[in-house]
Amino acid sequence: MRSLILVLLPFLAIFLQSTLFRAIPIQGVVPDLLLILVIFYAVFNGSSKGAMYGVACGLWEDLYLGRMIGVNAISKGITAFILGRMQGNVYQDNLMVGLIGVVTGTVINAMLLFIISMVAIPGLGLDRALLADLLFQGIYNIVIAIPLYMWYCRSSRAGVLREGQSG
Amino acid sequence: MGLFRIFRQKGFWILLLTALVLLAVVKLSADDSPGLNSAERWVRNSYAPLQRGTDWIQQGLGQLSTRMLGIQDMSQLLATEQAKNQQLGLEVMQLRESQAEVERLRRLLDYKNAQPNSYELEAARIIARASNNWYKTLTIDKGADFGLVLNMPVITPDGLVGKLVNVSKGTAQVMLLTDREMAVGAILQQTRENRGIVEGVGNGQLRMINIPYYSQVQGGEPVVTSGLSQIYPPGILIGTVRDVQKEANGLVLSAYVAPAVDFDRLEEVLIIKSFPAGPSPADQGV
């Protein structure tokens, strides 16, 4: 059951990002639900598992977008690996852990996306539009992360996402 | 010392290796590929029914809210004993949504009929938008089944929207003008400077570069496609010049361009399948 949920969540995240959240953007920006999911997974499961899940989710997104395959896989994998270091060092039930993870992860992921995209877009520069997108995405991600982290935390302790859950 | 501990982690080396392999894949897929591979097609098609369903639900909800508003208004009108006006008001409210849709479709049809000998057009409905903030794309409900191929220009009666970048069996992805990877050969309609390139800057705005320093370009001047890129037919409105700046080297000017199309409000688009001014995008194989 846990594995099935972990497979379905990225699918659902991309679907919601491309439809529902596109109807309610903040300054034209939508939250990155997939990134939030990857960050939460890494915080609860550590660097190695987090990185694997991040790469898998990112690759799925890349296949959906059909542009540069691997960009999101690398950025989400590395972001999860870095944030997975929090596991064992922080009290995961604290909401602030999730929110700090989301803010840090949003910045790291955006930086990595920018660096990797320079491979494909010659002359790409860090401009005001990019920074504004990052700011609004950070805000939107935090807003969405509050209820999501509470759910994720509860599910990981005693719900469908609990390790060893066979349902 | 804690930093070096990371090098002893097996996961770090696996991730590094994976990242290097993926970087090579990024580099390969960044070059113009002929289309979607089978994995991409499979993933894209798995979302298409859900996205079509959501679009249908959104339309239904729009009509429902219109009806609800109508009922609310009717009760107010009953209080003022304007029975005939109530009925008319309600009908108007119920019809407004569908009327707006009919208007939009009629404009598309008029535009299509006005160019029977110049463009072969295909109308399509937008069913989804980009799932992330980096790309500026739309997903439409028609694909290879309707003869759509890569690089076909996408327009509305207001102007240029973008071009097709991915085509699967039942859907296609439109890269908007505002996407950072977009570049269109453009001409200033009044001053006739034709070496400009309009590129997306990502925040809903466009920038025209490569305008000669001696150009008399001013704010408000229309910018249209030059046709030099051969993907887009010449003369399609891109937008209007908003602000002109001199580049640091002093040899060329650049201008911010307000797009002619409101990308946030698009619901239907037209795809140019062929145009007589040059070879069709399908013939070019790019």
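Count charges around A:I24 for me, please; just the other residues with Cβ under 14 Å from its Cβ, Lys/Arg as +1, Asp/Glu as -1. Counting the neighbours of A:I24, the net charge comes to +1.
I want to check a number: in the protein assembly as shown, how many lysine pairs have alpha carbons closer than 15 Å, given a sequence separation of 8 or more or different chains? Could you put the intermediate results ahead of the total?
Working: A:K49/A:K76; A:K49/B:K10; B:K112/B:K273; B:K136/B:K163; B:K142/B:K163; B:K142/B:K169; B:K142/B:K273; B:K163/B:K273.
Taking the Cα cut-off of 15 Å, the pair count is 8.
Mean projected area of the convex hull spanned by the Cα atoms of region A:2-158, taken over all viewing directions: 8.8 nm².
Rounded to the nearest whole Hz, the Karplus-based 3J(HN,Hα) values (6.51 cos²θ - 1.76 cosθ + 1.60, θ = phi - 60°) of region A:131-146 follow the sequence 5, 5, 4, 5, 4, 5, 5, x, 5, 5, 4, 5, 4, 6, 5, 4, with x at glycine and proline.
Output the relative contact order of chain A, whole-number percent, from Cα pairs under 8 angstrom with separation of 6+ residues. Answer for chain A is 28 percent.
Work from the charge dipole of the protein assembly as shown (Cβ charges, +1 for Lys and Arg, -1 for Asp and Glu, about the Cα centre) and give the residue of B:V184, B:Q99, B:V217 farthest towards its positive end. Value: B:V184.
For the peptide B:58-69, the mean number of other protein chain Cβ atoms found within 10 angstrom of a residue's Cβ is 0.
The packing ranking, built from the mean of other Cβ atoms within 10 Å per residue, places the peptides A:100-108, A:150-158 in the order A:100-108, A:150-158, highest first. Computed per residue of the protein assembly as shown from DSSP H runs no shorter than four, each worth -39500 (n - 2.57), the mean residue ellipticity at 222 nm is -17000 deg cm²/dmol. The slack between B:Y256 and B:L64, meaning 0.36 nm per residue of separation minus the straight C-alpha distance, is 65.1 nm. Peptides B:226-239, A:52-65 ranked from most to least packed by the mean count of surrounding Cβ atoms within 10 Å: A:52-65, B:226-239. Between the residues A:N45, A:I115, A:V30, the greatest Cα displacement towards the positive end of the dipole of region A:24-167, with unit charges on the Cβ of Lys, Arg, Asp and Glu, is found for A:N45. As a fraction of the 1.4 Å probe accessible area of region B:179-286, surface on carbon and sulfur atoms comes out at 45 percent. Other protein chain C-beta atoms within 10 Å of residue C-beta, averaged over A:9-19: 5.
Buried surface between chains A and B: roughly 4200 Å² of accessible area, summed over both sides, computed with a 1.4 Å probe on protein heavy atoms only.
Where nothing but the Cβ of Lys and Arg (+1) and of Asp and Glu (-1) is charged, how large is the charge dipole of the protein assembly as shown around its Cα centre, in debye to the nearest 20?
Details: 38 positive and 35 negative charges, 278 e Å.
It comes to approximately 1340 debye.
Using the Cα centre as the reference, give the magnitude of the dipole from point charges on the C-beta atoms of chain A (Lys, Arg: +1; Asp, Glu: -1; all else neutral), rounded to the nearest 20 debye. For chain A, the charge dipole is close to 300 debye.
Taking amide H as placed 1.01 Å from N in the peptide plane, B:T137 has its amide H under 5 Å from the amide H of B:A130, B:L176, each at least 5 places away in sequence or on another chain. Using every pair of alpha-carbon atoms in region B:183-260, split the distances into 10 Å bins beginning at 0 and state the percent of pairs per bin, rounded to integers. Calculated over all Cα pairs of region B:183-260, the distribution is 22, 59, 19, 0 percent.
Per residue, region A:2-158 exposes 40 Å² of solvent-accessible protein surface, assessed with a 1.4 angstrom probe and all protein chains in place.
Can you pull the mean other chain C-beta count within 10 Å for peptide A:55-64? Don't skip to the answer; put the middle values down first.
Working: counts 5, 0, 0, 1, 5, 2, 3, 7, 9, 10.
For this peptide, the per-residue mean of nearby foreign Cβ atoms is 4.
Of interest is the spacing of the C-alpha centroids, which for region A:1-71 and region B:117-180 amounts to 24 Å. Each residue of region A:24-29 was assigned a 3J(HN,Hα) from its phi angle through the Karplus expression (A = 6.51, B = -1.76, C = 1.60, θ = phi - 60°), giving 10, x, 10, 6, x, 10 Hz with x at Gly and Pro.
In region A:75-113, comparing the full protein assembly with the chain on its own, the residues that lose 40 Å² or more of accessible surface at a 1.4 Å probe are A:F81, A:R85. Here the protein assembly as shown has an Rg and Dmax of 24.6, 83 Å, counting Cα atoms alone.
For B:M175, A:M111, A:M86, write out the residues from largest to smallest accessible area, computed with a 1.4 angstrom probe and no ligands counted.
Details: B:M175 10, A:M111 110, A:M86 40 Å².
Largest accessible area first, the list is A:M111, A:M86, B:M175.
The values are calculated or read from the model by the stated rules, or taken from the named source; none is laboratory data. Treat the numbers as computed from the prediction; the structure is a model and nothing was measured. Heads up, the Cβs are rebuilt from the backbone with ideal geometry, glycines too, and the neighbour counts pull from every protein chain shown. Quick note on the areas: whole protein, heavy atoms, side chains included, nothing else; ligands and nucleic acids left out. Shrake-Rupley method; radii C 1.70, N 1.55, O 1.52, S 1.80 Å.
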